[in-house]
Amino acid sequence: MKNFLKLTTTAAVLTVAGSLSASAALIDFSATGTGFSGSLGSNNWTLTGFPVAPNTDETGRGPVGVIAGDNDGVGIDNDEVTAPSEYLTLTFDRNVRLVGSYFLDLFIARTGLSHEVANITVGAVPGAVAAFKDADDVFPTQGGYAELENLSLVGTQFTFFASLTNDDIGKADFALAAVEVAPVPLPAGFLLLGTALGGLGVARRRKQRKAA
């Protein structure tokens, strides 16, 4: 019994510690060979697009911040005038915490107020906007760059799309360059730890009674 409780406690502590210490992982769609599906440990992910399958036919821009920039990332049709509204959905097997997202190929007006805005919603289709960021020109040679950091969006599906500050350009297009996700701690780990500690407490009280 004592050895069992010791092993259970050790396993629980390792489980909880692992879930708490696991760092965020970057899925870099701007890196050659990333593709539209993969895994983070045992958590599989898939990227799908509407109205057509995502493609990587954008022009490479070179490294920007944490992203490789071998290409602009995942875009759709690359046609902001005639294409229907574009969005991409990233689906995971289990809940994750979206902590960062990076966009390229957003239009930046050199004059006036016209520009595209990167948007993120939680769910399979565009809904209530959970986070957004105007295209900026922090990197003058990296046109249409926008980064959303310090996010804390939890779910199994996230949808990405672009919108316009006004409607004088056409249909908003964009490229999803990368996302950064972190694991969500599993409640089961804490339950296991609590059970093990409770068992140790019971065993200790029994031992004290026998000694008395």
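Any read-out appearing in this document is the output of simple, stated calculations on the displayed coordinates, not a laboratory observation. Keep in mind it's a predicted model, so treat the numbers as computed, not measured. Backbone-built Cβ (ideal geometry, glycine too); neighbour counts: all protein chains shown.
A few notes on this one:
- Between the beta carbons of ASP93 and SER114, assuming R0 = 30 Å, the FRET efficiency works out to 0.15 to the nearest 0.05.
- Linear extension gain, VAL66 paired with ALA25, 0.36 nm per residue minus alpha-carbon span: 13.6 nm
- Annotation: amide H of ARG97 within the under-5 Å range of ALA182, VAL184, sequence separation 5 or more or interchain, hydrogens built in the peptide plane.
- Neighbour net charge for VAL184 - beta-carbon separation under 9 angstrom, K R +1, D E -1: +2
- Under 5 Å, built H, 5+ apart or other chain: amide partners of THR34: none
- Arranged from fewest to most other beta-carbon atoms within 10 Å of their beta carbon, ASP72, ASP173 become ASP173, ASP72.
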